[in-house]
1. Take segment 34-46 and flag every residue that is touching a strand residue (DSSP E or B) at 6+ places or on another chain (Cβ under 8 Å), surrounded by fewer than 15 Cβ atoms within 10 Å (Cβ to Cβ) and outside any strand (DSSP E or B).
2. May I ask you to verify whether residue 56 is at pLDDT 90 or above, in a loop (DSSP other than H, G, I, E, B), out of contact with any strand residue (DSSP E or B) (no Cβ under 7 Å at 6 or more places or on another chain) and closer than 26 Å to residue 145 by Cα?
3. Kindly provide the set of residues from segment 102-118 that are touching a residue at least 40 places away in the same chain (Cβ under 8 Å) and not in a loop (DSSP other than H, G, I, E, B), ordered by number.
4. Quick check on my filter: what residues within segment 54-64 are over 12 Å from residue 116 (Cβ atoms) and either under 13 Å from the mean Cα position of the chain (by Cα) or surrounded by 19 or more Cβ atoms within 10 Å (Cβ to Cβ) (or both)?
5. Here is a list: 28, 23, 49, 6. Which entry is surrounded by 12 or more Cβ atoms within 10 Å (Cβ to Cβ) and at pLDDT below 85?
6. How about segment 131-143: which of its residues are in a loop (DSSP other than H, G, I, E, B) and surrounded by 13 or more Cβ atoms within 10 Å (Cβ to Cβ)?
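The values are calculated or read from the model by the stated rules, or taken from the named source; none is laboratory data. No experiment lies behind these values; they were computed from the predicted model shown. When we count neighbours, we look across all protein chains shown, and the Cβ atoms used for this are built from the backbone with ideal geometry, even at glycine.
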């Protein structure tokens, strides 16, 4: 009896691990499939970045950073900050200027940190996972998706 229970638990563990590996591969493949898509819309409203891609993928995030050759670095922490400027920083306007209509040339996911990133023509957006809470969410065109606490 004991061996039967042990064997059953071992089989369930193998099924769970295999299913997780399949889901991880599907997730990584879906992130990689962002390459070649266009950014349809990008906004930063009510403390949430929202990006829609041409393959119907939708990404929302609380913490993010933009870096690259075509602009100064800015992040979710700069939203509506004045920093001695004439007017507060309009992150939505900056994001739209840099990314709307652009094609994604690279995309990835860090299994160590849980960060997602994508690049367009000399600019990179990094979506941060600072905690084990749901600070980003991605829903792919095929209906699958993940939350940042997936890592």
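1. 35, 36
2. Working: at pLDDT 90 or above: yes; in a loop (DSSP other than H, G, I, E, B): yes; out of contact with any strand residue (DSSP E or B) (no Cβ under 7 Å at 6 or more places or on another chain): yes; closer than 26 Å to residue 145 by Cα: yes.
In short, yes.
3. Pass one, segment 102-118, residues touching a residue at least 40 places away in the same chain (Cβ under 8 Å): 102-109, 111, 116, 118.
Within segment 102-118, 103, 106, 107, 108, 109, 116, 118 qualify.
4. Restricting attention to segment 54-64, the residues satisfying the condition of being over 12 Å from residue 116 (Cβ atoms) are 54-56, 58, 62.
Selection gives 58, 62.
5. On the way: 28 fails: at pLDDT below 85; 49 fails: at pLDDT below 85; 6 fails: surrounded by 12 or more Cβ atoms within 10 Å (Cβ to Cβ).
Only one candidate passes the filter, namely 23.
6. Step one: of segment 131-143, the residues in a loop (DSSP other than H, G, I, E, B) are 131-135, 140-143.
Result: 134, 135, 140, 141.
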